[in-house]
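The next block holds one structure in the form of structure tokens; read it before the comments.
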Amino acid sequence: RGYFGISGGSRPVVRKLQVEFGLKLPTVVQVVGLDPSGPARRAGILPGDLLCAADGQPIGSMDDLYRILSTKPPNQPIRVRVIREHRLMEVTVVAEEDRATSSLGVGARRPMLPVPEGLRPVLVDEWSQW
């Protein structure tokens, strides 16, 4: 199974942004930690990024990401839709094989990079001010 090298949690999305970004779920996954040499980091994913889809399938929780990764063989590119700084972008992550992770292949095998001090991730609920 593939390994991304992230830790994260679900964040709610206000309806206005669901419509604006064409999101299919009312939640997204906010990245809170990265394996410094992991596939997600190499692809350009950053702490604070909001993951909303992988290979066209919506992501509203880490369980959704686990499910998608469990169906993909290692070393296969996965297109990930990311919201960063109020912009929607797409990155390609090549999940790698990792025998040291959990059976779902998303767990940490090396220390994760935390959100840097002084940099606070933008919470989706704050976007309602727009």
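Tabulated data for the structure shown
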| item | result |
| --- | --- |
| Condition check for G48: in contact (Cβ under 8 Å) with a residue 40 or more places away in the chain and either open to solvent by less than 60 Å² (accessible area, probe 1.4 Å) or touching a strand residue (DSSP E or B) at 6+ places or on another chain (Cβ under 7 Å) (or both) | yes |
| Tally, over segment 51-91, of residues that are part of a helix (DSSP H, G or I), open to solvent by 20 Å² or more (accessible area, probe 1.4 Å) and within 17 Å of G9 (Cβ to Cβ) | 5 |
| Long-range neighbours under 6 Å by Cβ, at least six apart or interchain, first residue free of Cβ contacts under 8 Å to residues at least 40 places away in the same chain within segment 7-23, second part of a strand (DSSP E or B) and open to solvent by less than 40 Å² (accessible area, probe 1.4 Å) | L23/C52 |
| Failed item, numbered, when S10 is tested on (1) open to solvent by 20 Å² or more (accessible area, probe 1.4 Å); (2) under 22 Å from E97 (Cα atoms); (3) of a type outside the set (A, V, I, L, M) | (2) |
| Test: residue in segment 4-13 that is at pLDDT below 95, in contact with a Leu (Cβ under 7 Å, 6 or more places away or on another chain) and assigned to a helix (DSSP H, G or I) | no |
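The values are calculated or read from the model by the stated rules, or taken from the named source; none is laboratory data. Fair warning: this is a prediction, and the values are worked out from it, not measured in the lab. Cβ atoms come from the backbone with ideal geometry, glycine included; neighbour counts cover every protein chain shown. SASA here: full protein model, heavy atoms, side chains in, ligands and nucleic acids out. Shrake-Rupley method; radii C 1.70, N 1.55, O 1.52, S 1.80 Å.
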